[in-house]
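The block underneath contains the structure these notes are about, expressed in structure tokens.
The values are calculated or read from the model by the stated rules, or taken from the named source; none is laboratory data. Keep in mind that this is a model prediction, so the values were computed, not measured. Reconstructed Cβ throughout: ideal geometry from the backbone, glycine too, with neighbour counts over all protein chains shown. Surface areas here come from the heavy atoms of the whole protein model, side chains and all, with no ligands, DNA or RNA. Shrake-Rupley method; radii C 1.70, N 1.55, O 1.52, S 1.80 Å.
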Amino acid sequence: MEAMNKHAGGCHCGKGRYEVTTDPAGAIACNCSHCAKHGLWLTFVKPEQFKLLTPETELAEYRFNKRAIEHLFCPSCGVESFARGSGKDGPMYAVNVRCLDGVDVSALSPKPFDGKRL
């Protein structure tokens, strides 16, 4: 199990980059239509734990259903490496642990989350 550490991350082509302090071992695997089709494994952090290194104007946004979550992705390679929204404790970022540099996702066991029925 990892600990809360600073990780660099981003999309496939490298245009969308960020730094985040998180523990990838706490990831969830949501079964909602969006996460399931994208294969997202997510960890959630407060805004002060996330630093976007790419100008936000370089990213594209997708919203669906209640339109509450900003799914930000690279328009060049199409990878969604993080999203932004609000949780019960206020603003948060959902970080795709598959997009964190140097994290061995085969060593992770994300907790199933039933987003399909929300």
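All but one of (1) out of contact with any Gly (no Cβ under 9 Å at 6 or more places or on another chain); (2) open to solvent by 80 Å² or more (accessible area, probe 1.4 Å) hold for Trp41, so report the exception by its number.
Unmet condition: (2).
Does Arg84 satisfy being outside any helix (DSSP H, G or I), touching an Asp or Glu at 6+ places or on another chain (Cβ under 6 Å) and open to solvent by 30 Å² or more (accessible area, probe 1.4 Å)?
Yes, satisfied.
Please state which of the following conditions Ala94 fails to meet, knowing it meets all the rest: (1) surrounded by 14 or more Cβ atoms within 10 Å (Cβ to Cβ); (2) in contact with a strand residue (DSSP E or B) (Cβ under 6 Å, 6 or more places away or on another chain); (3) assigned to a loop (DSSP other than H, G, I, E, B).
(3)
If a residue must be of a type in the set (Lys, Arg) and either within 19 Å of Glu61 (Cα to Cα) or within 9 Å of the chain's Cα centre (by Cα) (or both), how many such residues does the stretch 85-102 contain?
Adding up the residues that qualify gives 1.
Need a quick list: strands (runs of 3 or more DSSP E) entirely within the stretch 1-77 having at least 1 residues that are of a type in the set (Asp, Glu) and out of contact with any Leu (no Cβ under 6 Å at 6 or more places or on another chain).
17-22, 70-73
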